[in-house]
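The values are calculated or read from the model by the stated rules, or taken from the named source; none is laboratory data. Quick caveat: nothing in here was measured; it's all calculated off a predicted structure. A quick note on method: Cβ atoms are made from the backbone with ideal geometry, for glycine too, and the neighbour counts reach across all protein chains shown.
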Amino acid sequence: MTPTEFFASKGWSRLQAEGVIKSCGYRPWGEDGQATEWRANHLYDWCSARGYDHRTAEGQLSFLDYDLRNNLSSIGAKLRKAQTVEEATAAVHAYVVRLRDPSTRLTPA
């Protein structure tokens, strides 16, 4: 399942899903051995509490979906209103800014 298909399966429109992926520059952790630009400590804790592996696409995408629906629901609400990929990308921009905060990156053990 592609990341776009994952988000579409969670109820986001295909255009909204494409905007999330485009905005976040999503790539699974394993491609280059580094965490995607995520709130990595929160990702690790969230996945651990729910039985996901934080290094997998399933864990990372599930966390992102949860975050947009719950912790950052105002951003998720803007995303829900998006009718184009560009609008969806713009809606998620504030989330991406938070993801790239250096204080939230996972520090290697």
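I'd like to know if segment 25-39 contains one or more residues that are in a helix (DSSP H, G or I), surrounded by fewer than 17 Cβ atoms within 10 Å (Cβ to Cβ) and at pLDDT 75 or above.
Taking segment 25-39 and keeping what is in a helix (DSSP H, G or I), we get 29-31.
Next cut, surrounded by fewer than 17 Cβ atoms within 10 Å (Cβ to Cβ) only: 30-31.
Filter once more, so that each one left must be at pLDDT 75 or above: none.
Among the residues of segment 25-39, not one is in a helix (DSSP H, G or I), surrounded by fewer than 17 Cβ atoms within 10 Å (Cβ to Cβ) and at pLDDT 75 or above, which makes the answer no.
Of the residues that make up segment 49-68, is at least one at pLDDT 90 or above and among the β-branched types (Val, Ile, Thr)?
no
List the pairs whose first member sits in segment 83-109 and is under 18 Å from PHE63 (Cα atoms) and modelled with pLDDT under 55, whose second member is outside any helix (DSSP H, G or I) and among the basic types (Lys, Arg), and whose Cβ atoms are under 6 Å apart, counting only residues at least 6 apart or on separate chains?
Close Cβ pairs satisfying both conditions: THR104/ARG39.
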